[in-house]
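Have a look at the structure below before the remarks.
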There are 2 protein chains.
Amino acid sequence: MSGWLAVAGLGPGADALITPEVQAALAEATDVVGYIPYVARIAPRPGLTLHPSDNRVELDRARDALRMVAEGRRVVVVSSGDPGVFAMASAVFEALEPCPEWHGLDIRVLPGITAMLAAAAAAGAPLGHDFCAINLSDNLKPLDTVLRRVRLAAEADFAMAFYNPRSRARPEGFGRVLEVLRACCEPGRLMIFARAVSTPEQALRILPLSEVTEDMADMRTVVIVGSSRTRQVGRFTYTPRSA
Amino acid sequence: MSGWLAVAGLGPGADALITPEVQAALAEATDVVGYIPYVARIAPRPGLTLHPSDNRVELDRARDALRMVAEGRRVVVVSSGDPGVFAMASAVFEALEPCPEWHGLDIRVLPGITAMLAAAAAAGAPLGHDFCAINLSDNLKPLDTVLRRVRLAAEADFAMAFYNPRSRARPEGFGRVLEVLRACCEPGRLMIFARAVSTPEQALRILPLSEVTEDMADMRTVVIVGSSRTRQVGRFTYTPRSA
């Protein structure tokens, strides 16, 4: 029996945003591994073992998955959104790196709709021209690196998408990011707070930087900052193609 | 009869990467509008009119679609990848802006798997940490703006994804971008050339900046430049989460 690993993206929440490629991998899997709320999205069936695990144990989870694959199991590691964007794919390769005996395993990454694309679509097209994606979490890098990148992104006039903008453990980071934006951008710069996009709890809030407060973001929110050219037409927010 | 517009992403090429949400919109549509090769991906059926059009007529195409919606038709504007990333969604809102009589129309943007996510998944996880997406085409902005953004992105140590890296009309731009990268990045910086990802013609090439030549890119290629931390494990290329 030859095992395989698929590192798969479940999209932002709605089943209608899961690709057929990911559904096919789930249908053939013997094991599903992932963070508790993502594994909870997988329908149980005979022959499928679910392995939910807690947050912040990404490397342990990746090693467990690789071990099962080496034993011949067909394992799907699930992420929300896209597994390659601030999610499990990098953790799997980090776990793989020191273990040459696993380098020959059958491993695939299956893309998904990452949160910023679903948030942008719900708002209009704010990422319609050059943009960047920044993980605001300072779990794995210093806050100064985050702030420096935001400053350079504003200087480049990128639209920006912020993932993990505000955690309970370190709530002050997002306020510091807002300080940088206020120093670099005009007060009317448009910002979008998109919470739980594509789920029944979806909430979308669009307002100028001057009216933003740091409590508007939480860990289920993706924040998009427009470029200097981003504007509104009717209920939509978009960035022109010539920005 | 009340018409609607769905601006939908068909993903990078494989049908298995089209979301069920987009398939459902196509199943209910009366008209499909888009660039010739994308409309060619839609299966004809009775009751569905296909409107393929040439490249570089995005605004005309968007106006035609909005006019049909105003007449009560159910129209899908198709893009490859994600419609909100260097594709038709911004063109639709640009066409909408000067026409207040159309602002109340039922318009939705349906996200898709954009090329850089599929290319990254095929290579491993090179966009696994902070990154940016830049359209290298200078059709709608000066080349100097492109070069300045690439320089600032390198300074921020973003991984980068380049769309439309090289056109027949203006082939010299990509060479200028490579000059900027050579000035800002170490010679071993990893680059990925991903052509026609997820199609039978998929070709993936991974090599250090020092070995890159400008003829490696064409309009069907997405180019990914790693950050300073991007590295290889076995046949995979990835950026660690703590970059």
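The numbers here are math on the coordinates, done by the rules we state, and not lab data. Predicted model only: the values in this text are computed from it and were never measured. Cβ: placed from backbone, ideal geometry, glycine included. Neighbour counts: every protein chain shown.
With a cut-off of 8 Å between alpha carbons and a minimum separation of six or more residues, what is the relative contact order of the range A:4-113 in percent?
Numbers: 209 pairs, mean separation 47.3, N = 110.
It rounds to 43 percent for the range A:4-113.
How about the range B:110-177: which trypsin sites (Lys or Arg not before Pro) there are in a DSSP loop, with at most 14 other Cβ atoms within 10 Å of their Cβ?
Working: sites: B:Arg148, B:Arg149, B:Arg151, B:Arg166, B:Arg168, B:Arg176; in loops: B:Arg166, B:Arg168.
Hits after loop and neighbour filter: B:Arg168.
Return, for the Cα atoms of chain B, the radius of gyration and Dmax in Å, separated by a comma.
Answer for chain B, Rg first and Dmax second: 19.2, 61 Å.
Do any GluC sites (Glu not before Pro) in the range A:17-88 lie in a DSSP loop with no more than 15 other beta carbon atoms within 10 Å, and if so, which?
Working: sites: A:Glu21, A:Glu28, A:Glu58, A:Glu71; in loops: A:Glu71.
When the GluC sites (Glu not before Pro) of the range A:17-88 are filtered for loop state and at most 15 Cβ neighbours within 10 Å, A:Glu71 remain.
Defining a contact as two alpha carbons under 8 Å apart and six or more residues distant in sequence, what relative contact order in percent does chain A show?
Numbers: 495 pairs, mean separation 49.2, N = 243.
The normalised contact order for chain A reaches 20 percent.
Can you give me the relative contact order of the range B:133-243 as a percent, contacts being Cα pairs under 8 Å and 6 or more apart?
Numbers: 184 pairs, mean separation 30.5, N = 111.
For the range B:133-243, the relative contact order is 27 percent.
If you keep only loop residues by DSSP, which GluC sites (Glu not before Pro) in the range B:164-243 have at most 14 other Cβ atoms within 10 Å of their Cβ?
Working: sites: B:Glu172, B:Glu179, B:Glu201, B:Glu211, B:Glu214; in loops: B:Glu201.
Here the GluC sites (Glu not before Pro) that fit, given the DSSP loop and packing criteria, are B:Glu201.
Would you calculate, for chain B, the mean residue ellipticity at 222 nm contributed by helices, counting each DSSP H stretch of 4 or more residues as -39,500 (n - 2.57) and dividing by all residues, to the nearest 500?
Numbers: 7 runs with 70 residues, N = 243.
Here the helix-only value at 222 nm equals -8500 deg cm²/dmol.
Mind giving me the nanometre distance, one decimal, between the label points for A:Gln202 and A:Asn55, set 7 Å out from Cα along Cα→Cβ?
In this crude label model, A:Gln202 to A:Asn55 measures out at 2.4 nm.
Springs between alpha-carbon atoms under 10 Å, Gaussian network over chain B: tell me which of B:Val233, B:Val33, B:Val77 tops the mean-square fluctuations.
Greatest mean-square fluctuation among the candidates belongs to B:Val233.
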